[in-house]
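Colleague: Can you keep this structure in mind? I'll have questions shortly.
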Amino acid sequence: MPLKTGEEYVESIRSLNLKIYMFGERIENPVDHPILRPSLNSLKATYDLAQNPEYRDLATTKSPFTGERVNRFTHIHQSTEDLTNKIRMQRVLGQMTASCFQRCVGMDALNAVFSTTFDIDKAKGTPYHERFLTYLRYLQENDLVADGAMTDPKGDRGLPPHKQADPDMFVHVVERRADGIVVRGAKAHQTGASNSHEMIVMPTQTMTEADRDYAVAFAVPMDAEGVFMIVGRQSCDTRKLEDGTLDTGNPRFGGMEALIVFDDVFVPNDRIFMDGEVEFSGDLVERFAGYHRQSYGGCKTGVADVLIGAAALAADYSGVARASHVKDKLIEMVHLNETLWACGLACSFEGKATASGNYLVDLMLANVCKQNVTRFPYEIVRLASDIAGGLMVTAPSETDLNHPELGPIVKKYFQGVAGVPTEDRFKVLRFIENMSLGTGGVAYLTESLHGAGSPQAQRIMIGRQADLGAKKNLAKSVVGIDY
Ligand code: SF4
Ligand code: FE
C-alpha cells in the first residue's frame, strides 16, 4: 500500500537514526522536540491531505511508473493539469498550516532529475535515467519524503568551486571506487531536513570542466553514515519551549532548515544520477529552480490567505473593520496575493512536455512568479502590521494573560469590541507577529526572498528568456526600419 497515514509517517521518521544537532547538543528524539515538532506536523499534513477523501484527486494521483495511486509529492508531472494541480495542492496546504510544509523541494528535484538524466543518457549513453526510475519507484512505493538538496555554502561567491580556498565549499567527489563514489561538503538552508527519509543532492550552479568533481547528483538516506545536520535558528524559536502556545503565534505548525554535512559519505552506483557531466549541470539547476519558483505561487498564496484572514479578524476585533482605509488595505492584500496566484497558474498552464515526457513549467513565467514573490509578501505583511497596530508586538505574555492578579488587568485594558475575549484578540495578533517577525516570517518573508534563488537569480533568467532581439524586430517592423 503506497500511501502512508500521517501517523505512519511520523513513526517512520522516528525509526530513522538521524544525527541532528541544535544548541550544541545531539537531539536524541527530534520527533517530539518542541522546536522541531511543529515542522514535522506541517510535513505530516501532506500525508493527512492524501488520506482525506475530499482532496483525493488533488493530493494523490496514479503513477505511470508503479501503476499505483501515489502522493502527488512523489509524482512526475504528466500534463499541464498535473502542474496546476500541484500548485492547487500547495495553496491548500499553505492555508491549512500557514507555514512551509517542506515536501515540495523533493518533488521539484524529482521532476528536474527525471528529465535531465534522460537528456544525459541520450547524449552520452550513461545509465542514469534507468537508475533514477528504480529510485523513483522506491520513493513512490514507500511514500517517502526526499529533501531536495541544492544550495552549497559557496564560500567566496566570486570564485568557482575548484578555486575556493577550502575545496569543501561545494559538495564534491573525493574518491571514485568500482562500487560508487565518496562525497564531501555541505548543503545549507536545507528545508525539512529533519523530517525527510531521503535526500536528492544536485549541483548548485552551472559547472565548467575544471569543476567536474562538483557536477554530481545522487541520493542518500538522511541517516546515511557520515551525514549529520545542524539546525538553523529561527527568530523567536525558543517561545516554543515555554508553557502554553499562544505566544508562538502558530500553535501547531512551522518549518525548519538545517546545514547538512557530508563527512565522506559513500554513494553506491545505483544512486548516482550525474557524475562529471558538467554540460548538463546548468539544465538541472534551471529546471529545478523553475519548478520551485512555480511552487511559491502555490504555497505562499495559501499562507497569505491565512494572514489576510488574520488581518481582517484583527480589524473586526478592534472595531475598525468598517473604516474605508482598512477595507482598502485588505483589498490591496488580496490583489497582491491573487497576482502571485495568477503567475503560478500561468507558468503551469504554459508548461510543455520535455524530451523525457514529463512536463516542465514555462520558465519565463515561473521566474516572473518568483520575482513577484520576492516583493509582494513584504507589502502584504506591511499592510497586515498596519491593520494589527502596535499591540501585535507589545501585548503581554500568555503567562501574564493567565496570571491570577495580572490577568484580569491585561484582559480589561486590552479588550477590543465587546463579546470577543482578549485572549482571542491576542491569538490573532501573535499570529500576525509570528508571520512578520517570528518563525512564520522565516517561511513567509525570508524564504520568499531567498528560497528557490534570490531575486537576482530570477532576473538573470528573465533576461535570458526575454529575447530582446525579437522585440527589437517587432519595433522595427512597426516603425518601418528594414535592416
Ligand atoms: Fe514547499 Fe513553499 Fe516550503 Fe518551498 S517554501 S518547500 S514550495 S511550502
Ligand atoms: Fe522553499
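The values are calculated or read from the model by the stated rules, or taken from the named source; none is laboratory data. It should be emphasised that the depicted structure is a prediction, and the values quoted were computed from it without experimental measurement. When we count neighbours, we look across all protein chains shown, and the Cβ atoms used for this are built from the backbone with ideal geometry, even at glycine. With ligands, DNA and RNA removed, areas are computed over all heavy atoms of the protein, side chains included. Shrake-Rupley method; radii C 1.70, N 1.55, O 1.52, S 1.80 Å.
Colleague: Determine whether segment 263-286 contains at least one residue that is within 21 Å of Pro38 (Cα to Cα) and surrounded by 18 or more Cβ atoms within 10 Å (Cβ to Cβ).
Modeller: Kept after step one, since they are within 21 Å of Pro38 (Cα to Cα), are these residues of segment 263-286: none.
Among the residues of segment 263-286, not one is within 21 Å of Pro38 (Cα to Cα) and surrounded by 18 or more Cβ atoms within 10 Å (Cβ to Cβ), which makes the answer no.
Colleague: Yes or no: Glu279 among the acidic types (Asp, Glu) and more than 16 Å from ligand 2 (Cβ to nearest atom)?
Modeller: Criteria met by Glu279.
Colleague: Arg233 is checked against (1) within 26 Å of Ser39 (Cβ to Cβ); (2) more than 16 Å from ligand 2 (Cβ to nearest atom); (3) in contact (Cβ under 8 Å) with a residue 40 or more places away in the chain and fails just one. What number does that condition carry?
Modeller: Every listed condition holds for Arg233 apart from (3).
Let's see how each residue does on (1) at pLDDT 95 or above; (2) out of contact with any Phe, Trp or Tyr (no Cβ under 6 Å at 6 or more places or on another chain); (3) surrounded by 11 or more Cβ atoms within 10 Å (Cβ to Cβ); (4) not in a helix (DSSP H, G or I):
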| residue | (1), (2), (3), (4) |
| --- | --- |
| Ala443 | no, yes, yes, no |
| Arg464 | no, yes, yes, no |
| Lys472 | yes, yes, yes, no |
| Ser477 | yes, yes, no, no |
| Ile481 | yes, yes, no, yes |
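Colleague: Turning to a different aspect of this structure: Would you be able to say whether some residue in segment 67-74 is open to solvent by 10 Å² or more (accessible area, probe 1.4 Å), part of a helix (DSSP H, G or I) and of a type outside the set (Ser, Thr, Tyr)?
Modeller: So far as segment 67-74 goes, no, none of its residues is open to solvent by 10 Å² or more (accessible area, probe 1.4 Å), part of a helix (DSSP H, G or I) and of a type outside the set (Ser, Thr, Tyr).
Per-residue answers, yes or no, for (1) open to solvent by less than 20 Å² (accessible area, probe 1.4 Å); (2) in contact (Cβ under 8 Å) with a residue 60 or more places away in the chain; (3) out of contact with any Lys or Arg (no Cβ under 9 Å at 6 or more places or on another chain):
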{"residue": "Arg14", "(1), (2), (3)": "no, no, yes"}
{"residue": "Tyr21", "(1), (2), (3)": "no, yes, yes"}
{"residue": "Arg26", "(1), (2), (3)": "no, no, no"}
{"residue": "Asp32", "(1), (2), (3)": "no, no, no"}
{"residue": "Arg56", "(1), (2), (3)": "no, no, no"}
{"residue": "Ser63", "(1), (2), (3)": "yes, yes, no"}
{"residue": "Lys86", "(1), (2), (3)": "yes, yes, no"}
{"residue": "Met89", "(1), (2), (3)": "yes, yes, no"}
{"residue": "Ala109", "(1), (2), (3)": "yes, yes, yes"}
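Colleague: Name the residues in segment 445-461 that are of a type outside the set (D, E, K, R) and either surrounded by fewer than 17 Cβ atoms within 10 Å (Cβ to Cβ) or within 12 Å of ligand 1 (Cβ to nearest atom) (or both), would you? Walk me through it before giving the result.
Modeller: Keep residues of segment 445-461 that are of a type outside the set (D, E, K, R), which gives 445-446, 448-458, 460-461.
Scanning segment 445-461 gives Leu445, Thr446, Ser448, Leu449, His450, Gly451, Ala452, Gly453, Ser454, Pro455, Gln456, Ile460.
Colleague: Out of (1) among the aliphatic types (A, V, I, L, M); (2) outside any loop (DSSP other than H, G, I, E, B); (3) surrounded by fewer than 15 Cβ atoms within 10 Å (Cβ to Cβ), what's the single condition that is false for Val428?
Modeller: Checking Val428 against (1) among the aliphatic types (A, V, I, L, M); (2) outside any loop (DSSP other than H, G, I, E, B); (3) surrounded by fewer than 15 Cβ atoms within 10 Å (Cβ to Cβ), the one that fails is (3).
Colleague: Follow-up question, since we're still on this one. Can you tell which of Ser79, Ser115, Ser42, Ser99 is among the hydroxyl-bearing types (Ser, Thr, Tyr), surrounded by 19 or more Cβ atoms within 10 Å (Cβ to Cβ) and away from ligand 1 (no atom under 14 Å from the Cβ)? I'd like the intermediate steps shown before the answer.
Modeller: Numbers: Ser79 fails: surrounded by 19 or more Cβ atoms within 10 Å (Cβ to Cβ); Ser42 fails: away from ligand 1 (no atom under 14 Å from the Cβ); Ser99 fails: away from ligand 1 (no atom under 14 Å from the Cβ).
Just a single option satisfies the conditions, and that option is Ser115.
Colleague: Something else about it: Looking only at residues that are in contact with a helix residue (DSSP H, G or I) (Cβ under 6 Å, 6 or more places away or on another chain) and of a type in the set (A, V, I, L, M, F, W, C) in segment 314-333, which one is most open to solvent (accessible area, probe 1.4 Å)?
Modeller: By that ranking, first place goes to Val320.
Colleague: Those residues that are surrounded by 20 or more Cβ atoms within 10 Å (Cβ to Cβ) and in a loop (DSSP other than H, G, I, E, B), I need them from segment 390-409; list them, please.
Modeller: Of everything in segment 390-409, just one residue is surrounded by 20 or more Cβ atoms within 10 Å (Cβ to Cβ) and in a loop (DSSP other than H, G, I, E, B), namely Ala395.
Colleague: Looking at (1) of a type in the set (Phe, Trp, Tyr); (2) surrounded by 15 or more Cβ atoms within 10 Å (Cβ to Cβ); (3) more than 16 Å from ligand 1 (Cβ to nearest atom), can you tell me which one Tyr413 breaks?
Modeller: Only one criterion is unmet by Tyr413, namely (2).
Colleague: Out of segment 351-368, which residues are surrounded by fewer than 23 Cβ atoms within 10 Å (Cβ to Cβ) and among the β-branched types (Val, Ile, Thr)?
Modeller: Thr354, Val368 - these are the residues of segment 351-368 that are surrounded by fewer than 23 Cβ atoms within 10 Å (Cβ to Cβ) and among the β-branched types (Val, Ile, Thr).
Colleague: Separate question: Mind listing whichever residues of segment 207-222 are surrounded by fewer than 24 Cβ atoms within 10 Å (Cβ to Cβ) and either within 16 Å of Asp108 (Cα to Cα) or touching a Lys or Arg at 6+ places or on another chain (Cβ under 7 Å) (or both)? Walk me through it before giving the result.
Modeller: First, pick out the residues of segment 207-222 that are surrounded by fewer than 24 Cβ atoms within 10 Å (Cβ to Cβ): 208-213, 220-221.
Passing the criteria: only Val220.
Colleague: Quick one: which residue in Ala457, Ala452, Ala443 is touching a Lys or Arg at 6+ places or on another chain (Cβ under 8 Å) and within 16 Å of ligand 2 (Cβ to nearest atom)?
Modeller: The conditions single out Ala452.
Colleague: Given the criterion within 19 Å of Leu259 (Cβ to Cβ) and of a type in the set (Asp, Glu), identify the matching residue among Asp213, Asp179, Asp152.
Modeller: After ruling out the rest, the residue left standing is Asp152.
Colleague: For segment 165-206, how many residues meet the condition of being part of a loop (DSSP other than H, G, I, E, B), open to solvent by 10 Å² or more (accessible area, probe 1.4 Å) and in contact (Cβ under 8 Å) with a residue 40 or more places away in the chain?
Modeller: The initial filter retains those residues of segment 165-206 that are part of a loop (DSSP other than H, G, I, E, B), namely 165-166, 170-171, 178-179, 192, 196-197, 202-206.
Now restrict to residues that are open to solvent by 10 Å² or more (accessible area, probe 1.4 Å): 165-166, 178-179, 197, 204-206.
Those still in the list that are in contact (Cβ under 8 Å) with a residue 40 or more places away in the chain too: 179, 197, 204-206.
Selection size over segment 165-206: 5.
Colleague: If we scan segment 50-63, do we find a residue that is among the polar types (S, T, N, Q), assigned to a helix (DSSP H, G or I) and within 16 Å of ligand 2 (Cβ to nearest atom)?
Modeller: For segment 50-63, residues among the polar types (S, T, N, Q), assigned to a helix (DSSP H, G or I) and within 16 Å of ligand 2 (Cβ to nearest atom): absent.
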